[in-house]
Amino acid sequence: MIHIQAIKAFQDNYIWLLSESGSQQCLVVDPGEADVVEKAMKSLNLALSGVLITHHHWDHTNGIQALTKDRNIPVYGPDNAEISGITYPLNGTETLTVLGTEFNILKTPGHTLDHIAYFANPDQDDPILFCGDTLFSAGCGRLFEGTAEQMLSSLNKLRSLPKNTRVYCAHEYTLANLAFARAVEPANPSIKEYRNKVIQLREQGRPSLPSSLELEFTINPFLRIDQHSVITAVKEHAPCTVLSNDAEVFGALRHWKDQF
């Protein structure tokens, strides 16, 4: 059985630590900072056996060199020469077995062009997704390199996963994203209910993550662009914008969030 724990890094990053029952081996996802990983592993008596990277941004990769300096371990990540330390480059079509669990690698460009995600269904009833900065709870990543069409395609790929998939994003952006979601759909009761729950979690110092795809389908405007309420809100916010297809609705919604 895979156990997943959040390691806080920087202001709002999460580095996800994966371990397996009955083993001292562990993996980390997107270690932007090495010291916090070392402290967490020491406290849990775990040994690092590999690293998973979703994209090239520094706050996801800066810990690679320090973590691998004295360890002969694999580092999996996008096939991108900008990322120093990748030993197994991935292009988004592979399957990968680590900690006895098979992960499907999904190509998810939009936030960056090299972005990938890791999906597994280890127990056939409890699927997990490490999506980096592509999908956030109640939001999605900024379009730093990709287009609205690319990001929408990537999100649709994630939407096709089982609805009970647990979503492990790389940042604690949930409350800020819910503020925007409420502006888009003020009459959506699920957003209000979830916001109250997240406020309680954060007041207790607990992460709002993981989320689930089932939940995101009810509160995340970027997964709800086919809903009349979202389309109407985007049209009212940008009445001069042409919205003839889903990509144009998505692009206008993302631009609105960028200015929010």
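None of the figures in this text is laboratory data; all of them are computed from the coordinates on show. For clarity, every value in this text was computed on a predicted model and none was experimentally measured. Neighbour counts are summed over all protein chains in view; Cβ atoms, including those assigned to glycine, are modelled from backbone coordinates with ideal geometry.
See the values below:
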quantity: For the chain, alpha-carbon Rg over 2.2 N^0.38 Å; calculated: 1.00
quantity: Label-point separation, R159 to T87 (7 Å along Cα→Cβ), nm; calculated: 3.9 nm
quantity: Relative contact order of the range 2-259, pairs being alpha-carbon contacts under 8 Å that are 6 or more residues apart, as %; calculated: 13 percent
quantity: Burial order of peptide ranges 27-33, 169-175, 95-101 (average beta-carbon count within 10 Å, highest first); calculated: 27-33, 169-175, 95-101
quantity: The chain - share of DSSP beta bridges that are antiparallel (%, nearest 5); calculated: 65 percent
quantity: Peptides ranked, highest mean first, by Cβ atoms within 10 Å: ranges 108-116, 69-77, 239-247; calculated: 108-116, 69-77, 239-247
quantity: Too-long pairs where the Cα-Cα distance tops 28 Å, listed order kept, from K8/K235; K107/K235; K39/K69; K39/K257; calculated: K8/K235; K107/K235; K39/K257
quantity: Cleavage-rule hits (trypsin sites (Lys or Arg not before Pro)) in the range 147-241: DSSP loop, at most 14 neighbouring Cβ within 10 angstrom; calculated: K163
quantity: Cβ crowding within 10 Å averaged over residues, with 121-131, 83-93, 35-45 ranked highest first; calculated: 121-131, 83-93, 35-45
